[in-house]
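Undergrad: I have a structure I would like to understand better, so I am pasting it below and will then ask my questions one at a time.
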Amino acid sequence: MPAFFPEGAYAQVKQIADPRGDYARRLLADYGLDLSAAHALLGADPKGARLLQVQVPASYAHWVSPGACYNGVGYYELPNARIVYRQGGEVRSFGIASMISWRGVWYVVHLGAVLRPSAGGVVDDPSTGTGESAPSSTC
């Protein structure tokens, strides 16, 4: 949870009827589903996986203006960072769909997907090797 966007910050950012309820029912619930999907990706020997690096393509960071994406305040967002790990002698990776900077600290806000294709957990672009980040827009 220390890496996940804080509830209090979300309540300040979102300009919707019930930001704390949305945080719990959608944002945090989706994060839990995505974490489960990422753990499943590691297979029968999850403890054998070793984090090598988190690639953060700083050039993808961009300002999200107030009013965009139901937000009352602006913030910096960075899409498509990548978690790179070694498992069973092979380098593998998957994406972090979106990170938000709040008071100078970067937090995960969407691990698997910003817009979800289904009700289940999502692993963003799992790849053999370090994978490729691609720029994308917010919401």
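Here, each number is a calculation from the coordinates, and none is a lab measurement. Keep in mind it's a predicted model, so treat the numbers as computed, not measured. Here the Cβ is made from the backbone with ideal geometry for all residues, glycine too, and neighbour counts use every protein chain on show.
Undergrad: Taking the convex hull of the alpha carbon atoms in region 61-132, what volume per residue do you get, in Å³?
TA: Taking only Cα atoms, region 61-132 has a hull volume of 105 Å³ per residue.
Undergrad: Quick one: net charge around Q53, please, counting Lys, Arg +1 and Asp, Glu -1 for every other residue with C-beta under 13 Å from its C-beta.
TA: For residues surrounding Q53, the net value is +4.
Undergrad: Could you list L78, L35 in order of exposure, starting from the residue whose Cβ has the fewest other Cβ atoms within 10 Å?
TA: L35, L78
Undergrad: Work through the residues other than C69 whose Cβ is under 13 Å from its Cβ and net out their charges, Lys, Arg +1 and Asp, Glu -1.
TA: Values: positive: K14; negative: D22, E77.
Neighbour charge sum, excluding C69 itself: -1.
Undergrad: Using a cut-off of under 15 Å, list every residue of region 93-130 whose amide N is near the label point 7 Å from the Cα of W63 along the Cα-to-beta-carbon line.
TA: 101
Undergrad: Working from Cα positions, state the angle (0 to 90°, nearest 10) between the long axis of helix 29-41 and the longest principal axis of the chain.
TA: The angle comes out near 10 degrees.
Undergrad: Considering only the other residues whose Cβ falls under 15 Å of the Cβ of A97, what net charge follows from Lys and Arg at +1 and Asp and Glu at -1? Write down the numbers at each step before the final one.
TA: On the way: positive: R26, R82, R116; negative: D30, D34, E77, D124, D125, E132.
Neighbour charge sum, excluding A97 itself: -3.
Undergrad: Summarise the long-distance tail of P(r) for the chain by giving the % of C-alpha pairs beyond 24 Å.
TA: On the way: 2870 of 9591 pairs.
Cα-Cα pairs of the chain separated by over 24 Å account for 30 percent.
Undergrad: Please report H110, H39 as a ranked list, fewest other C-beta atoms within 10 angstrom at the top and most at the bottom. List each step's numbers first, then the result.
TA: Details: H110 25, H39 13.
If I rank by nearby Cβ atoms, fewest first, I get H39, H110.
Undergrad: Can you give me the Cα centroid spacing of region 1-59 and region 66-94 in angstrom?
TA: That distance is 10 Å.
Undergrad: Report, in debye and to the nearest 20, how large the dipole of the chain comes out about its Cα centre when Lys and Arg carry +1 and Asp and Glu carry -1 on their Cβ.
TA: Working: 11 positive and 11 negative charges, 43 e Å.
Computed charge dipole of the chain: roughly 200 debye.
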